[in-house]
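Colleague: Provided herewith is a single structure, encoded as structure tokens, for subsequent inquiry.
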Amino acid sequence: MDPLLLGGIVAIVTILVLFSGVSVAMGLLIVSAGFLLVFDGPRSMELMPEIFFGKLDNFALLSIPMFIIMGSSIASTRAGADLYEALERWLTRIPGGLVVSNLGACALFAAMSGSSPATCAAIGKMGIPEMRKRGYPAGVAAGSIAAGGTLGILIPPSVTMIVYGIATETSIGRLFLAGVIPGLMLVGLFMAWSLYSTWKSGDAARLGSGSYTWAERFEILPRVLPFLAIILGVLYAMYGGIATPSETAAVGALLCLLIAIIIYKLWHPRAIWTVLRDSTKESVMILFIIAAAGVFSYMLSSLFITQAIAEWIGTLEVNRWVLMGAVNVFLLVAGFFLPPVAVILMAAPILLPIITTAGFDPIWFAVVLTINMEIGLISPPVGLNLYVINGIAPDISLKTILVGSLPYVACMVLAIVLLCLFPGIATWLPDMVMGAAL
């Protein structure tokens, strides 16, 4: 059978299997085993266990559970509420400053926890009621938190970037650096839209109300600064050549756990067990998907599907930006239905040869791919962040949350356009710190 036709059949079968309700990892294994058995014979089954466990035999994978423990330690405390309160105290006198402080808190908490749902829940529980009480429109209040929560997969340390680095054998340190400036750019775009929307539809005098003394402003900083110091310390250790990403992640996880115990009194054995249990569950889920995606990639390569697609794309006489537009549409649609980790592991091995052949930087492409995944987190039908916001503010309808988040989707699309026009936004910092990529 023609490999391109076979690839189309594989794509359709994979979509049907995943939509049947089977977990992503099991779905990929079922599809891989089925096609290998039919087209490559029973002997191909002997290699599946070796490939499955071989994908997990990677020292860099140790950073995933460590960063997850780091985020889970922070998410299990009042760090999110304290971060929100600290920014509110410093920015509340600015008209529209509360929504800015919420977005800033989302960006910082997302960087610390690396979890979009945890960020939405931690900041939204306090931020949404307070913004509505101050007169902010419900759509702005809910949409800004939903969008702010997506920043965790872009701003380092990001588990999504680690997964991309492992899937494409790209430098994780360089990927982390590539996400910094685009992440800050997205925060700026979100804030600009929020301030404009607030100014347009709210009572500026009311929105700027609130007053704190200098003592109250400084009082809360000792509870927030240690976590921020750990994030900066982790990044410094990684880029200062002091330690590898896995080593810095382990130290960061230990320090976050100690600060949670010391500052937030998380010393009850049951609370610590909950952090470790939840972290283990999430880590195993991600590692299971990574191993299953390795088998899926082997199946595509063994049946010459990957090579045929890359060769076919190479023969197309189209402008490379038309090609990149098609890739973005594919990623956008995939992100509507699948979690970011699954999309990266399934698509990156196929797309990487295509985009490098077309002359695009794989580090730059990682940022573009990640922003597409961010859009998926606040877009139906899955749109995980939308449902998290609806869960913590059930009186705000899902439609209102969705409409409120759409301008932030437009901000992300604008960010992708800016990255296409000025690729240096993503590549300048990695090249400056680590030298030009070979």
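Colleague: List the helices (runs of 4 or more DSSP H) that sit entirely inside region 100-184 and contain at least 2 residues that are of a type outside the set (Gly, Ala, Ser) and closer than 16 Å to residue 80 by Cα. Working first, answer last.
Modeller: Details: elements: 116-133, 138-149, 159-168.
In region 100-184, the matching helices (runs of 4 or more DSSP H) lie at 116-133.
Colleague: Next up: For region 34-65, which positions are free of Cβ contacts under 8 Å to residues at least 40 places away in the same chain and in a helix (DSSP H, G or I)?
Modeller: Step one: filter region 34-65 for residues free of Cβ contacts under 8 Å to residues at least 40 places away in the same chain, giving 34, 37-38, 41-43, 45-46, 49-50, 57.
Within region 34-65, 34, 37, 38, 42, 43, 45, 46, 49, 50 qualify.
Colleague: May I pose another question? Could you check how many residues of region 390-408 are farther than 17 Å from residue 136 by Cβ and crowded, with 19+ Cβ neighbours inside 10 Å?
Modeller: Total meeting the criteria: 2.
Colleague: How many residues are in a helix (DSSP H, G or I), within 21 Å of residue 315 (Cβ to Cβ) and not polar (S, T, N, Q) when one looks only at region 348-364?
Modeller: Here is the first cut: in region 348-364, the residues in a helix (DSSP H, G or I) are 348-357, 362-364.
Narrowing the set further to residues that are within 21 Å of residue 315 (Cβ to Cβ) leaves 349-357.
Then keep just the ones that are not polar (S, T, N, Q); that gives 349-355.
Going through region 348-364 one residue at a time, the tally reaches 7.
Colleague: Check region 124-146 and report whether any residue there is at positive phi and acidic (Asp, Glu).
Modeller: Of the residues in region 124-146, the ones at positive phi are 135.
Restricting the remaining residues to those that are acidic (Asp, Glu) gives none.
Scanning region 124-146 turns up no residue that is at positive phi and acidic (Asp, Glu).
Colleague: I want to confirm something. Restricting to region 30-60 and keeping residues that are surrounded by fewer than 11 Cβ atoms within 10 Å (Cβ to Cβ) and within 25 Å of the chain's Cα centre (by Cα), which single residue is modelled with the highest pLDDT?
Modeller: 57
Colleague: Next question. Out of (1) surrounded by fewer than 17 Cβ atoms within 10 Å (Cβ to Cβ); (2) at pLDDT 85 or above, the odd one out for residue 257 is which?
Modeller: Exception for residue 257: condition (1).
Colleague: Could you give every pair whose Cβ atoms fall below 7 Å, whose first residue belongs to region 370-390 and is without any contact (Cβ under 8 Å) to a residue 12 or more places away in the chain and of a type in the set (Ser, Thr, Tyr), and whose second residue is crowded, with 24+ Cβ neighbours inside 10 Å and assigned to a loop (DSSP other than H, G, I, E, B), counting only separations of at least 6 or pairs across chains?
Modeller: Short answer, once both residue conditions are applied: none.
The values are calculated or read from the model by the stated rules, or taken from the named source; none is laboratory data. Remember, predicted model here, so these are calculated numbers, not experimental data. For neighbour counting, all protein chains shown are included, and Cβ atoms are generated from backbone atoms with ideal geometry for every residue, glycine included.
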